[in-house]
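The values are calculated or read from the model by the stated rules, or taken from the named source; none is laboratory data. Just so we're clear, the structure is a prediction, and the values are computed from it rather than from any experiment. Using ideal geometry, Cβ is built from the backbone for each residue, glycine included, and neighbour counts are taken over all protein chains shown.
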Amino acid sequence: MEVLYKILFFISAFIIIWAMVGYPISIKIIGRLYKKNRELKKDYSHQPTVTVMVVAHNEEKVILGKLNNIIKLDYPQHKIEFLITSDNSTDKTNDIVTEFINENKHLNIRLYEVKARKGKTNAQNEASRTVTTDFIVMTDANSMMDKDSVKELMAAFSADDIAYVTGRLSFVNKEASDISGAQSSYWDSDVAIREIEGRIQTITAGNGALYACRTKEYYEFNPIQSHDTAMPLFYALQGKRAIANHDAKVYEKAGEVVEDEFGRKVRMNRLILNHILPDLKILNVFKYKWFTFFYLGHRTSRYLLWFSHFILLLSNAFLVTGSWFYALMFISQILFYGLAIIKLITKTSNKYITLIYYYCVTVFAQWVGVRNILTGKAKPFWEKAESTR
């Protein structure tokens, strides 16, 4: 049994280290090797017809600001339409949108009302059937778009094999709290990874705040799925590319309290078991090339963190008396989790303890996601995080 415990210990340790340290380092090295001939090519003369779709559920606090934001986009007015998709809103969202439309009849704005709330993806599916433009740009109600964002997204569709382009989300409240600061730090590092993945071949996940695809290539995913994870994977398995153009910018607030951030991560993990290896075809490195490495390194390893940490601690407990090394590793794990508990109890603002706490919250959210899946509680819709509004 000792041999088995050692195997489990080292495999779990490898997955954790690779997910958080090994893969980010490896992708930066690969990025440098491919830097010369893999720069993103843009064609600013590519200005097709576009529908900017905003999905909203009870967004009365921010929807007027969003409407005023999107009508100021720098894109030919005769080539852009605005579609507000209300996912069975029960507050004043629909009234605000309707009034805005009546006051701006010179603009092509329309409201699509989803009668039964089934989540963002279902709302996008329903509304997409009414779109007649060449491209769809998706954006969230609480995300403020840079005036050149649509122009940048369209310029990145410079080749027929590019099926999806996501923009760069930046948080405007990094300094608001230690939680928003930790989220911003994590996100900035992930954005750097995505830029390299897209430049070399294809990204493994997108960003719901701002992305675009061809209308004819839009696929109606199961409402429980999220475009962030489903779309790039779907296109990659078709031999197409999903890329990031970080000159297409969008801004929003990060969660400022742990409850909001934890809830968001639980929602993100509502299909975590499926995401570990969603399709065996991914393993065909000869066909999918770098995407195989990207997905296993960036996604599979991270989706296994919840299980890897558990197995690492458990196997280490059985090995703790075997040598000083295992004793040291066990003490280190206990101290690591202990620091997270200290943050929870004392609310200390120490940067490093906050990062440890944020990481532990992330892993625990994966466990809750798994529990929701196994108990049938995973759902396609959720309540918004108020601190991000």
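Cβ-Cβ distances below 7 Å connect no pair with a first residue in the range 183-211 that is within 22 Å of Val363 (Cβ to Cβ), a second residue that is surrounded by fewer than 20 Cβ atoms within 10 Å (Cβ to Cβ) and of a type in the set (Ser, Thr, Tyr), and a separation of six or more residues or different chains. Being modelled with pLDDT of 95 or more, aliphatic (A, V, I, L, M) and crowded, with 20+ Cβ neighbours inside 10 Å is a property that Leu296 lacks.
Against the conditions (1) in a helix (DSSP H, G or I); (2) over 30 Å from Ala317 (Cβ atoms), Lys384 satisfies every one except (1). Taking first residues from the range 227-243 that are free of Cβ contacts under 8 Å to residues at least 40 places away in the same chain and under 9 Å from Ala163 (Cβ atoms) and partners that are surrounded by fewer than 23 Cβ atoms within 10 Å (Cβ to Cβ) and not small (Gly, Ala, Ser), the Cβ contacts under 8 Å between residues at least 6 apart in sequence or on separate chains come to Phe234/Tyr219; Phe234/Phe221. Residues in the range 350-389 that are among the hydroxyl-bearing types (Ser, Thr, Tyr) and buried (at least 18 other Cβ atoms within 10 Å of the Cβ): Thr354, Tyr357, Tyr358, Thr362, Ser387, Thr388. Residues in the range 229-276 that are among the charged types (D, E, K, R) and either under 14 Å from the mean Cα position of the chain (by Cα) or assigned to a loop (DSSP other than H, G, I, E, B) (or both): Lys240, Glu252, Lys253, Glu256, Glu261, Arg264, Lys265, Arg267, Arg270.
Residue-wise test of (1) surrounded by fewer than 22 Cβ atoms within 10 Å (Cβ to Cβ); (2) modelled with pLDDT of 95 or more; (3) touching a Pro at 6+ places or on another chain (Cβ under 9 Å).
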position	(1), (2), (3)
Asp95	yes, yes, no
Asn102	yes, yes, no
Met138	no, yes, no
Asp148	yes, yes, no
Ala156	no, yes, no
Thr166	no, yes, yes
Ser170	yes, no, no
Lys174	yes, no, no
Ser180	no, no, no
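Please state which one of Ile196, Ile224 is in contact with a Gly (Cβ under 8 Å, 6 or more places away or on another chain) and either more than 24 Å from Val55 (Cβ to Cβ) or outside the structural domain of Glu126 (by TED's automatic domain parsing) (or both).
Working: Ile224 fails: either more than 24 Å from Val55 (Cβ to Cβ) or outside the structural domain of Glu126 (by TED's automatic domain parsing) (or both).
Step by step, each of Ile196, Ile224 is checked, and only Ile196 is in contact with a Gly (Cβ under 8 Å, 6 or more places away or on another chain) and either more than 24 Å from Val55 (Cβ to Cβ) or outside the structural domain of Glu126 (by TED's automatic domain parsing) (or both).
Restricting attention to the range 218-229 and to residues that are of a type outside the set (Phe, Trp, Tyr) and under 27 Å from Asn69 (Cα atoms), the residue that is surrounded by the fewest Cβ atoms within 10 Å (Cβ to Cβ) turns out to be Asp228.
Contact map, the range 1-26: residues that are more than 14 Å from Phe310 (Cα to Cα) paired with residues that are of a type in the set (Asp, Glu) and modelled with pLDDT of 95 or more, Cβ distance under 7 Å, separation 6+ or inter-chain. No pairs are found. Restricting attention to the range 62-92, the residues that are assigned to a helix (DSSP H, G or I), without any contact (Cβ under 8 Å) to a residue 60 or more places away in the chain and either of a type in the set (Ser, Thr, Tyr) or closer than 25 Å to Met154 by Cβ (or both) total 5. Checked against (1) surrounded by fewer than 17 Cβ atoms within 10 Å (Cβ to Cβ); (2) of a type in the set (Lys, Arg); (3) at pLDDT 95 or above; (4) under 30 Å from Lys120 (Cα atoms), Lys287 meets all criteria but (4). Could you tell me whether the range 46-61 includes any residue that is under 30 Å from Lys92 (Cβ atoms), hydroxyl-bearing (Ser, Thr, Tyr) and assigned to a loop (DSSP other than H, G, I, E, B)? Looking for residues that are under 30 Å from Lys92 (Cβ atoms), hydroxyl-bearing (Ser, Thr, Tyr) and assigned to a loop (DSSP other than H, G, I, E, B), one finds none in the range 46-61, hence no.
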